[in-house]
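The values are calculated or read from the model by the stated rules, or taken from the named source; none is laboratory data. Not measured: the values here are computed from a predicted model. Here the Cβ is made from the backbone with ideal geometry for all residues, glycine too, and neighbour counts use every protein chain on show. Side chains included, ligands, DNA and RNA excluded: accessible areas come from the protein's heavy atoms. Shrake-Rupley method; radii C 1.70, N 1.55, O 1.52, S 1.80 Å.
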Amino acid sequence: MTNAVDLPSTAANQTAKRQRFRLVAIGAGLYALSGPGQTAGFSVFVDPVTETLDISRGQLTAGYLVATLLAAPSGILLGRQLDHRNIATVIRTVGGGLAVALGIAAASPALWMLIIGIFGLRLFGQTGFTLTSSVHVARSITHRRGAALGALAAAGGAAITLTPLIASRLIPHLGWRYTWLLLAAVVLAAAHALAHAVATTPTETDPTPASDTRPEPVPTGEALSSTVTDRGSARRRRAAFVVVASGYATTAAIGTALGFHQIAILEERDLTASAAAANFLPQSLAAATVALTIGRVVDRVNGRVMIPICMTLLTAALLAVRLIDSTPTAILYGIILGSAGASMGASEGTLLARWLGTDSLGKIRERLMATIVTASAVGPLAFTALANTTGSYTNAATATIALPITVSLLAAFAPLPTEAAT
């Protein structure tokens with residue numbers, strides 16, 4: 001029989017679980033709104049846009065690169081706003097910006113205007129909504145943060161795939177211009193609703209200082225020792241950021257390249273364009289499952305091992321390209337690729353909070369996002385050049401394996417902040 005004294009505790013636990021679920025759900029909604037600015041969301045527009053505007057895939061890829069590179073430093077301002085302004089206000093601003101960008105892209109009569117639209121898609125979509133989503137959850141939830149961020153990556157990542165799935169069905173009926181306009185209306189309405197939800201949902205209270213990696217003040221007589229300690233701590237913090245940024249940037253560059261050229265890659269492996277587009281679904285399902293698992297794992301293991309785990313999955317995805325010879329093997333490839341992206345996305349937020357704290361999380365993540373956006377911009381074009389040099393996308397994928405292996409070695413030997421025993 002349950003003791004009466006246990007009932008309040010049980011009720012409090014249930015309330016806390018519902019609160020955590022609501023916070024993660026809001027974050028997932030924000031993540032989902034990044035869909036039109038993500039590569040997967042843009043990829044289904046590539047063929048109809050190039051046909052209408054009479055431009056080549058190479059020209060569009062180059063324009064995509066320019067727009068994304070310009071968006072990378074601009075995204076730094078968004079991170080600073082998250083540290084100094086109400087997050088609900090930032091969400092409304094980002095939503096309005098993305099809606100305007102979609103409108104510009106839809107109205108584009110030529111490549112130059114489309115590049116302006118893509119700039120907005122990458123700035124407010126890929127950077128803005130993913131940044132607000134992760135910062136919102138990382139700051140709002142302190143108990144089992146890894147599991148929460150894993151759930152965010154799972155739900156948000158799965159929701160992102162709705163954009164290419166829905167858009168690919170609307171484009172034949174509405175055309176790519178009206179499809180983008182419809183997405184603009186959805187983004188604007190959903191952003192306002194989620195901003196209201198953020199403003200009215202209570203968050204957890206962190207029982208310990210977020211910046212626990214900073215050294216405590218010491219007596220004057222220990223100034224020299226403190227200076228050495230400060231320098232060592234700063235060096236480890238910088239190394240921690242470099243390790244996380246290298247892992248995420250590598251995943252972003254390769255994942256974006258494979259996603260941008262997915263239809264071409266799978267057609268090269270003798271699959272149809274429709275079958276290639278459908279491969280986004282198994283990627284999303286795998287990503288959701290892996291993100292939930294990795295989110296729980298990262299709460300329990302030393303952070304140093306997480307980056308090599310993510311890089312191993314990315315290496316396996318690159319190797320799997322050469323094995324594609326049928327729909328089942330293409331699905332297997334999609335599962336591995338989705339798992340690689342989800343594992344990195346589900347762990348990086350926890351690793352940053354664990355090693356660098358949450359006091360300046362917006363500033364930290366703005367730098368990370370600038371790195372990721374730049375990597376994702378360079379990825380498709382570099383992969384195209386590598387494919388032209390090696391003779392095929394398959395050979396390019398095999399040659400790219402050197403990148404995740406290098407990042408794994410960096411994570412294994414870099415001086416990182418000491419972690420508390422788990």
| field | TYR178 accessible area, 1.4 Å probe, all protein chains in place, Å² to nearest 10 | value | 150
| said: If I take the Cα coordinates of segment 304-422 and project them onto the principal axes, what are the three extents in Å, biggest first? | reply: 47, 29, 25
| To the nearest 20 debye, what charge dipole does segment 304-415 have about its Cα centre, counting +1 at the Cβ of each Lys and Arg and -1 at the Cβ of each Asp and Glu? | 180
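On alpha carbon coordinates alone, what is the Rg over Rh value for segment 369-422, Rh being the Kirkwood radius?
Numbers: Rg = 15.8 Å, Rh = 13.5 Å.
My calculation of the ratio gives 1.17.
Leaving ligands and nucleic acids out of the surface, order LEU111, LEU98, LEU70 by accessible area at 1.4 Å, largest first.
Working: LEU111 40, LEU98 0, LEU70 100 Å².
Ranked from most to least accessible, the order is LEU70, LEU111, LEU98.
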| Per residue value of the accessible surface for segment 41-144 (all protein chains in place, 1.4 Å probe), Å² | 36
| Ignoring ligands and nucleic acids, what accessible area does THR289 show with a 1.4 Å probe (Å², nearest 10)? | 90
| Simple spin-label estimate for THR312 and ALA190 in nanometres, 7 Å along Cα-Cβ | 3.5
| field | Label-point separation in nm, THR390 to GLU268, each point 7 Å along Cα→Cβ | value | 0.8
| note | SASA check, ILE263, accessible area w/ 1.4 Å probe, all protein chains in place, rounded to nearest 10 Å², comes out at 40
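Tell me, what are the semi-axes, in whole angstrom and largest first, of the equivalent ellipsoid of segment 285-324 as set by the roots of 5 times the Cα gyration tensor eigenvalues? Working shown, then result.
Values: eigenvalues 102, 38, 4 Å².
So the three semi-axes of segment 285-324 are 23, 14, 4 Å.
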| message | Please compute, for the alpha-carbon atoms of segment 341-400, the extent along each of the three principal axes and give them in descending order in Å. | response | 48, 20, 14
| field | Alpha carbon Rg of segment 83-209, scaled by the compact-globule rule 2.2 N^0.38 Å | value | 1.19
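First check a/c for segment 94-143, with a ≥ b ≥ c the square roots of the eigenvalues of its C-alpha gyration tensor; if it is under 1.5, answer rounded, and if not, answer prolate when a/b is larger than b/c or oblate otherwise. Walk me through the intermediate numbers first.
Details: a/c = 6.34, a/b = 3.58, b/c = 1.77.
Prolate is the answer for segment 94-143, as a/c is 1.5 or above and a/b outweighs b/c.
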